1. Name the one entry in 122, 64 that is in contact with a strand residue (DSSP E or B) (Cβ under 6 Å, 6 or more places away or on another chain), outside the structural domain of residue 17 (by TED's automatic domain parsing) and of a type in the set (S, T, N, Q).
2. Could we say that residue 28 is of a type outside the set (A, V, I, L, M), surrounded by 15 or more Cβ atoms within 10 Å (Cβ to Cβ), in the same structural domain as residue 121 (by TED's automatic domain parsing) and under 17 Å from the mean Cα position of the chain (by Cα) here?
3. Might you let me know whether segment 93-108 holds any residue that is surrounded by 11 or more Cβ atoms within 10 Å (Cβ to Cβ), in contact with a helix residue (DSSP H, G or I) (Cβ under 9 Å, 6 or more places away or on another chain) and either closer than 24 Å to residue 30 by Cα or not assigned by TED's automatic domain parsing to the domain that holds residue 29 (or both)?
4. Being assigned to a loop (DSSP other than H, G, I, E, B) and either of a type outside the set (Lys, Arg) or in the same structural domain as residue 21 (by TED's automatic domain parsing) (or both) is the filter here; which residues of segment 78-92 pass it?
5. Report whether or not residue 51 is within 12 Å of ligand 2 (Cβ to nearest atom), at pLDDT 90 or above and of a type in the set (Ser, Thr, Tyr).
6. Would you be able to tell me the number of residues in segment 26-77 that are among the acidic types (Asp, Glu) and assigned to a loop (DSSP other than H, G, I, E, B)?
7. Hey, could you check segment 126-139 for residues that are at pLDDT 90 or above and away from ligand 2 (no atom under 16 Å from the Cβ) and say which is nearest to residue 86 (Cα to Cα)?
8. Would you mind stating whether residue 115 is more than 11 Å from the chain's Cα centre (by Cα), within 15 Å of ligand 2 (Cβ to nearest atom) and of a type in the set (A, V, I, L, M)?
Amino acid sequence: MEKLRARRLAVTPQRLAVLAVLQDLPDHPTAEKIYQEVRRQIPAISFNTVYKTLEVFCQKGLVTKVNPLHEMARYDKTTEEHAHLICRVCHRIIDLDWQPLALNSFTPEMLHGFLPEQQRLTVWGLCRDCQERQTETEG
Ligand SMILES: [Zn+2]
Ligand SMILES: [Zn+2]
C-alpha cells in the first residue's frame with residue numbers, strides 16, 4: 001500500500017491485487033499469467049484492467065518490463081538493474097546475481113561517442129528442466 005502511496009497512485013483493490021500477485025510469482029510473469037492469478041481474488045476483473053494497471057506500474061517505476069524475446073512482455077518486480085538468465089526453450093527468466101561494470105569504466109575508444117545510460121546482461125541457454133527433458137528424449 002505504501003508503494004502505491006509513495007508514487008501518488010490511488011489505492012484500489014485492483015492495484016493491490018496486481019501488486020500482491022507480482023510479489024508472489026517467482027518468475028517474470030506475462031500479463032496473462034498475472035490476470036489469471038488476480039482473477040482468483042477479483043473474479044470480475046477484466047484483462048484490460050490488469051494490463052492497464054501493469055502499464056501504470058511500469059510508468060511509475062514499480063515494475064519493469066522484460067521483453068528480450070520480442071513477443072509477450074514479462075513483468076519484473078525487481079526494478080534495480082540486474083542480469084537475467086533466459087531459457088531459449090521454455091522462455092523461463094531467472095534473475096542472475098551479477099554486478100554489472102560501472103558505466104564509466106568504458107573507455108572513449110570503446111564508446112565511439114556513444115553515451116551509455118543503462119546496461120543489461122542477458123545470458124541465453126537451457127534451464128535445468130529443459131536440460132533434463134533433452135537427456136530424456138535422447139536416451
Ligand atoms: Zn527451460
Ligand atoms: Zn528480473
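The values are calculated or read from the model by the stated rules, or taken from the named source; none is laboratory data. A quick note: this is a predicted structure, and the numbers were derived from the prediction, not measured. So basically every Cβ, Gly included, is an ideal-geometry build from the backbone, and we count neighbours across all protein chains shown.
1. Working: 64 fails: outside the structural domain of residue 17 (by TED's automatic domain parsing).
From the options 122, 64, the qualifying one is 122.
2. Details: of a type outside the set (A, V, I, L, M): yes; surrounded by 15 or more Cβ atoms within 10 Å (Cβ to Cβ): yes; in the same structural domain as residue 121 (by TED's automatic domain parsing): no; under 17 Å from the mean Cα position of the chain (by Cα): yes.
In short, no.
3. The initial filter retains those residues of segment 93-108 that are surrounded by 11 or more Cβ atoms within 10 Å (Cβ to Cβ), namely 93-96, 98, 100, 103, 106.
From what is left, the residues that are in contact with a helix residue (DSSP H, G or I) (Cβ under 9 Å, 6 or more places away or on another chain) are none.
No, segment 93-108 contains no residue that is surrounded by 11 or more Cβ atoms within 10 Å (Cβ to Cβ), in contact with a helix residue (DSSP H, G or I) (Cβ under 9 Å, 6 or more places away or on another chain) and either closer than 24 Å to residue 30 by Cα or not assigned by TED's automatic domain parsing to the domain that holds residue 29 (or both).
4. Keep residues of segment 78-92 that are assigned to a loop (DSSP other than H, G, I, E, B), which gives 78-82, 88-92.
78, 79, 80, 81, 82, 89, 90, 91 - these are the residues of segment 78-92 that are assigned to a loop (DSSP other than H, G, I, E, B) and either of a type outside the set (Lys, Arg) or in the same structural domain as residue 21 (by TED's automatic domain parsing) (or both).
5. Details: within 12 Å of ligand 2 (Cβ to nearest atom): no; at pLDDT 90 or above: yes; of a type in the set (Ser, Thr, Tyr): yes.
Judged against the criteria, residue 51 is not a match.
6. We begin by selecting, within segment 26-77, every residue among the acidic types (Asp, Glu); these are 27, 32, 37, 55, 71, 76.
Those left that are additionally assigned to a loop (DSSP other than H, G, I, E, B): 27, 71.
Of the residues in segment 26-77, 2 are among the acidic types (Asp, Glu) and assigned to a loop (DSSP other than H, G, I, E, B).
7. Residues of segment 126-139 that are at pLDDT 90 or above, as a first pass: 126-133.
If we keep only those that are away from ligand 2 (no atom under 16 Å from the Cβ) too, we end up with 126, 128-133.
Working: 126: 8, 128: 11, 129: 13, 130: 12, 131: 13, 132: 16, 133: 17 Å.
Among residues in segment 126-139 that are at pLDDT 90 or above and away from ligand 2 (no atom under 16 Å from the Cβ), the one nearest to residue 86 (Cα to Cα) is 126.
8. On the way: more than 11 Å from the chain's Cα centre (by Cα): yes; within 15 Å of ligand 2 (Cβ to nearest atom): no; of a type in the set (A, V, I, L, M): yes.
So residue 115 fails the test.
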